[in-house]
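Trainee: Below: one structure in C-alpha cells.
The values are calculated or read from the model by the stated rules, or taken from the named source; none is laboratory data. Everything numeric here is computed off the predicted structure, so don't read it as measured data. Don't worry about glycine lacking a Cβ; one is built from the backbone with ideal geometry, like all the others, and counts go over all protein chains shown.
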Amino acid sequence: MKKSVDFGHVRVVIDYRTGRVRCQVPGRSPNPVTAPTASWGSAEHPAGLERPRNPWTAPAAGALAMVFAIKSAGRKASAMHRMTAAIRAAASACRRPATPEQARAAVLAVRRAAWLSPGRTACLEESAAVVLLLAARRLSVTWCHGVAPDPVRLHAWVQTEGGIIVAEPDSTRSYTPVLMIGDRRDH
C-alpha cells in the first residue's frame, strides 16, 4: 500500500509494503528519487526522564520484545508491512479508547523498558509497542505515521481518540499524518 503527501516543493511517497520512501521534486525527472536512508522517524522527547505513576514495566518490555520479533521475523524489506499489519490486528481487538492518562502511562512505560533494550528503539518501535501494550488491555489509541518537509523526515506517534498527541514534543504537530491505524476514519 502506497501513500503520499504533496508539499508543493516535494512529493513524498511511502510504500508501506516495502518500507521504501521516495521523493519527487516538481520540474525534475518524473521518476521519484529514493530519499536519503530513512530511519522511519525520530523526534526529541525526554526518554526515560519521567516515571509512569503506575509502572507497566514488565508488560511494556514484553510489548517491545514482540515489536522486535515482528520486525526480525522475515525479510527486512517487508518489516514495515509486518509492523503495520500487527498494529492493525491489535487495534481491531480493542473494545474502548484509552484515556489520555492511560496512554501516557503506556508511553512512559515503553520508554522506560527501552532503556534496557538491546535493540534500536526509536519512534516506530516505541509507538508500535504502546499500541500492543494497550491492546493487551483492550484499550485503543490511534497509531500515526507522518512526514514533515524540508528536510523530509518521518515520525511515528500515538494519539487518543480525541486527537490528543500523547507524550510528544510540540514539534510533532509539524508532521502531516500519512497513515493512521485505529482511528475511526482509519486511512
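Trainee: When only residues in region 92-111 that are of a type in the set (A, V, I, L, M, F, W, C) and crowded, with 21+ Cβ neighbours inside 10 Å count, which is farthest from Thr57 (Cα to Cα)?
Mentor: Ala98
Trainee: A follow-up question, please. Quickly run through region 148-177 and pick out the residues that are in a strand (DSSP E or B), over 11 Å from the mean Cα position of the chain (by Cα) and at pLDDT 95 or above.
Mentor: Passing the criteria: Ile165, Thr176.
Trainee: I would also like to ask the following. Can you pull out every residue in region 112-134 that is surrounded by 20 or more Cβ atoms within 10 Å (Cβ to Cβ), under 16 Å from the mean Cα position of the chain (by Cα) and not aliphatic (A, V, I, L, M)?
Mentor: Of everything in region 112-134, those that are surrounded by 20 or more Cβ atoms within 10 Å (Cβ to Cβ), under 16 Å from the mean Cα position of the chain (by Cα) and not aliphatic (A, V, I, L, M) turn out to be Thr121, Cys123, Glu125, Glu126, Ser127.
Trainee: Filter region 51-95 down to the residues that are modelled with pLDDT under 95 and among the basic types (Lys, Arg), then identify the one that is nearest to Val21 (Cα to Cα).
Mentor: If we take residues in region 51-95 being modelled with pLDDT under 95 and among the basic types (Lys, Arg), then Lys76 is nearest to Val21 (Cα to Cα).
Trainee: Looking at this structure, is Arg120 outside any helix (DSSP H, G or I) and either among the charged types (D, E, K, R) or under 17 Å from Ile165 (Cα atoms) (or both)?
Mentor: yes
Trainee: Shifting gears a bit: Applying the selection to region 116-145, what residues are without any contact (Cβ under 8 Å) to a residue 40 or more places away in the chain and either among the hydrophobic types (A, V, I, L, M, F, W, C) or farther than 22 Å from Ser92 by Cβ (or both)?
Mentor: Pro118, Arg120, Cys144
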